[in-house]
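Below is one structure, written out as C-alpha cells, with a few remarks after it.
The numbers here are math on the coordinates, done by the rules we state, and not lab data. Worth saying up front: this structure is predicted, and the values here are computed from it rather than measured. Neighbour counts are summed over all protein chains in view; Cβ atoms, including those assigned to glycine, are modelled from backbone coordinates with ideal geometry.
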Amino acid sequence: MITIYNDPTMLDFVRVCLQMPQDERDQIQAFTGVPYDVDNTAINNFLAAGPKIVLKVGDDPICIGGFIQQRPGVYRDFMINTPASFSQKHWFEVTRISRRFMDHVLHNGAHRVECICLASREARNSRWYKVLGYNREATLYGYCASGADAVLFSRVRH
C-alpha cells in the first residue's frame, strides 16, 4: 500500500535519486547538459517552489512528483522515480495518485499543466501521458542542451 505525503524531505529526494533508472538519468543529462549527479538533482528539485508529494511504501520513498510554476497559472511537472514506481505491484496506484494530484493543481491555481520529455522516450511513455489526461502539443526540435528533440504535452482546465 502506498502512502502519500505532501512534505518530501531532502532525504526522500536523495533516496529516490539514488535509485533513479538510467533512462531518467539520461533525460536529466540531456536537458541540463551536465552529467547526472544525485546530489544536484535532489537539491534542485527539493528547492523548487511549488506543490510536491512523495509516495512511500512503508518508510521507503518510491517516487516524488511536483509542479513548478512557469508563469501565473502555468505549471510544469516533474517526477523522480525508482524502479518500484512502475512495477507490476505499484504502477496502477502511482498513476491514479498522479492523476489526482494533477486534478488538485488544476483546481487550485493552475489553468495549465505541462510535461516535457525527450522525444526518444515518447513512444514508451505516451500511453501513460494519455491516461493522465495530457495532450501532445509539439515536437521541440533541438530543445535539449544536448541538441536532442523533446516533446511537449499539456493539460488545461476547462
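The table for this structure:
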quantity: Within region 69-95, tally of residues that are in contact with a helix residue (DSSP H, G or I) (Cβ under 9 Å, 6 or more places away or on another chain) and either assigned to a strand (DSSP E or B) or under 21 Å from Arg157 (Cα atoms) (or both); calculated: 7
quantity: Any hit, region 127-136, residues being touching a Phe, Trp or Tyr at 6+ places or on another chain (Cβ under 6 Å) and part of a strand (DSSP E or B); calculated: yes
quantity: Filtered residues of region 30-61 (kept if under 15 Å from the mean Cα position of the chain (by Cα) and closer than 20 Å to Ser146 by Cα); calculated: Phe31, Thr41, Asn44
quantity: Scope region 17-61; condition in a strand (DSSP E or B) and surrounded by 14 or more Cβ atoms within 10 Å (Cβ to Cβ); matching residues; calculated: Lys52, Ile53, Val54, Leu55, Lys56, Val57, Pro61
quantity: Test: residue in region 144-158 that is assigned to a helix (DSSP H, G or I), free of Cβ contacts under 8 Å to residues at least 24 places away in the same chain and either over 19 Å from Asn6 (Cβ atoms) or out of contact with any His (no Cβ under 8 Å at 6 or more places or on another chain) (or both); calculated: no
quantity: Given (1) among the hydrophobic types (A, V, I, L, M, F, W, C); (2) outside any helix (DSSP H, G or I); (3) over 21 Å from Leu55 (Cα atoms), number of the condition Ala123 does not satisfy; calculated: (2)
